[in-house]
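Rule-based calculations on the coordinates, nothing more; no lab input. Treat the numbers as computed from the prediction; the structure is a model and nothing was measured. Please note: Cβ atoms are built from the backbone with ideal geometry, for glycine as well, and neighbour counts cover all protein chains shown.
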Amino acid sequence: MAYEIPVKVRFSETDALGHISNISYFIYLEEARTDFFAELGFGHDISNWKIILASASCDFISQGYYNQKLIVLTEVSRIGNSSFQVLHEIKDAESGALIAKGQANAVHFNFKIQKSEALPEANRRQLEKYLVKEESHHGN
């Protein structure tokens, strides 16, 4: 199962060639992740936020353009003691063509003591609902 959000490419998110600017892809992935984390109960507001990123990457597969309707799919590929990895795909909403794919490594973090801490069991169970089984269609 994948978590899904819609995105419509705004003019300001394109470059001089009319393509989606590379930084915009990271913004789409961040929006998908933060919505995903909130949905899973990792914090609906900044005062209760418990997740930091250890790394994030994005591979640009095909060109995207102004006013294009996209969907961003998010799944979980690995769950550790205090960290987990999410996989993303950005697709054209109409054709389903793959535009970009990304991944991010997230850590459950205690900001008061500035250290990672074990994922709460309730959050782990929520993540497991989105865990990719064996062969991933992401190819990461």
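Numbers at a glance
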quantity: Filter on K91/K129; K8/K50; K50/K91; K91/K115; K50/K101; K91/K112 - keep pairs with C-alpha separation over 27 Å; calculated: K8/K50; K50/K91; K91/K115; K91/K112
quantity: For the chain, alpha-carbon Rg relative to the globular expectation (2.2 N^0.38 Å, N residues); calculated: 1.08
quantity: The stretch 80-131 versus the stretch 1-65: alpha-carbon centroid distance in Å; calculated: 12 Å
quantity: Label point distance in nm, I52-L131, each placed 7 Å from Cα along Cα→Cβ; calculated: 2.6 nm
quantity: Exposed-loop-free span, longest in the chain, where GluC sites (Glu not before Pro) count as exposed if DSSP calls them loop and at most 16 other C-beta atoms lie within 10 Å; calculated: 1-93
quantity: Relative contact order of the chain, pairs being alpha-carbon contacts under 8 Å that are 6 or more residues apart, as %; calculated: 27 percent
quantity: Simple label model, 7 Å out from Cα along Cβ direction - I27 to Q114, nm; calculated: 3.2 nm
